[in-house]
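Single-structure report; data block below.
Each value in this text was obtained by applying a stated rule to the coordinates, not by laboratory testing. Source: prediction; values computed, not measured. Using ideal geometry, Cβ is built from the backbone for each residue, glycine included, and neighbour counts are taken over all protein chains shown.
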């Protein structure tokens, strides 16, 4: 076994462990951290497959921006995870059944005829960034723009969820401040002046 295969199996094991931890851990912050670990290991696997641009974009965009946004929203919402803990054991058999069905479907798809390539493929271009850009902005330009719109909607939804009304928050009312009168804010109190004898 060569050194690249050892690294591949090592990162694959870490990726599978992080993915399982992401869907099984009960704390949403820990789940997001497991997702960050899975992103890093996926980027390392892409670097092993000589897809440098995809690996760098995965680290910069998803780990550096999207996951930071996820963690920000999770911590700002202050989620109550007690109801999630109550129904975990109740729905675990259904979850394992659905996971098994998805695994069987994936195996059937991967063993189908289109995935069994007998003839060798053409050599990949030397610059995979240029090839990816040419495909992305010609054949897949509309899905790319749709994905951009979906990300903008996700950012707006995160901001709306963060700025929800809270009963303990104080809000400034501009119309009330403009219409205020002196009698509403200032109270004159008359007091007798003190003399040396009283002191």
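Quick notes on this structure:
- For peptides 60-67, 33-40, sequence by mean Cβ density within 10 Å, most packed first: 33-40, 60-67
- Spacing of the two label points (7 Å from each Cα toward its C-beta) at residue 192 and residue 57, in nm: 8.6
- With a Förster radius of 22 Å applied to the C-beta separation of residue 103 and residue 8, the computed FRET efficiency comes to 0.55.
- The C-alpha radius of gyration of the range 1-79, expressed as a fraction of 2.2 N^0.38 Å, stands at 1.21.
- Sorted by Cβ density within 10 Å, fewest first, the residues 76, 191, 108, 22: 191, 108, 76, 22
- Between residue 130 and residue 110, the modelled labels are 3.4 nm apart [label points 7 Å from Cα along Cα→Cβ].
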